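Notes for the one structure printed next.
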Amino acid sequence: MTTFVLIHGGGSTAWDWHLVSGVLQESGHDVVAVDLPAEDAGATLGDYTTAVGSAVGSAAGGSRDAVGSAAGGSRAAVVVGHSLGGFTAPLVCDVLGAAGLVYLAAMIPLPGESFADWWTKTGHDSEEIANDPEVLYYNGVPDEFAREARARERDQQGAWLSLPWPGRHPEVPTMAILCQDDHLFPAPFMRRQVRERLGIEPVEIPGGHYAALGNPRAVASALDGFARRIAPAPTG
């Protein structure tokens, strides 16, 4: 099966993925959910990528090769980035030799484009967005999970947010999951971003921006389906 490497969004934690992780594991997949050094103002995207690689290596018994890769191995890695995690996930793909990449309600940067510029370059600044964080982030999330997520929120820092993105989109199978009830990245905006920047059609699921907490089975189902589609055909 697959090892899913799950990267959280801005100011969040690996806990965001705990419901999705459970469903994926029920389906026979391995999961590595990573805490990024989001509160470290001096941390670079290179540090974020190193943190993910170290977590994968630790989960694999000290060797990333134990996870598998696009070039071979028993369990290929699929990297998933949520929201701001879209700036880190493509970089991680190169480091891990990943078999696939998934953007979940994620920012999709272009080479040389900063986080600060993304909002205008994509036209997001023209969208009508609510001012209430509860509406933007936690619509559709059960109260108990919304409270826990808020309690775990961290202060996102990093000079890299204003610097040109040093990456590119890796040449691996890629999927973008659009959350139909997302108030931060509305569905029409996301369809446009995915089509223009990736040249693909998004996979649409019910749920808000934090669908990983509000509709984890739909997220896990989309990820499982993607992994099965890109899995190499059995031989022998």
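The values are calculated or read from the model by the stated rules, or taken from the named source; none is laboratory data. Keep in mind it's a predicted model, so treat the numbers as computed, not measured. Here the Cβ is made from the backbone with ideal geometry for all residues, glycine too, and neighbour counts use every protein chain on show.
Results, tabulated for the structure shown:
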| read-out | value |
| --- | --- |
| Checklist (1) in contact with a His (Cβ under 8 Å, 6 or more places away or on another chain); (2) closer than 22 Å to residue 162 by Cβ; (3) outside any helix (DSSP H, G or I) applied to residue 113, failing item | (1) |
| Residue tally, condition at pLDDT 95 or above and not in a helix (DSSP H, G or I), over the range 28-60 | 17 |
| Qualifying residue in the range 61-73 (condition: part of a strand (DSSP E or B), loosely packed, with under 13 Cβ neighbours inside 10 Å and either at pLDDT below 95 or not polar (S, T, N, Q) (or both)) | yes |
| Sole residue being out of contact with any Gly (no Cβ under 9 Å at 6 or more places or on another chain) and within 26 Å of residue 47 (Cα to Cα), chosen from 212, 222, 159 | 212 |
| Some residue of the range 179-186 being at pLDDT 95 or above, charged (D, E, K, R) and surrounded by 12 or more Cβ atoms within 10 Å (Cβ to Cβ) | yes |
| Leading residue by the ranking (surrounded by the most Cβ atoms within 10 Å (Cβ to Cβ)) among those in the range 1-31 that are of a type outside the set (Phe, Trp, Tyr) and under 15 Å from residue 105 (Cα atoms) | 7 |
| Subset tally (residues that are closer than 23 Å to residue 201 by Cβ, of a type in the set (S, T, N, Q), outside any loop (DSSP other than H, G, I, E, B) and touching a residue at least 12 places away in the same chain (Cβ under 8 Å)) for the range 126-184 | 1 |
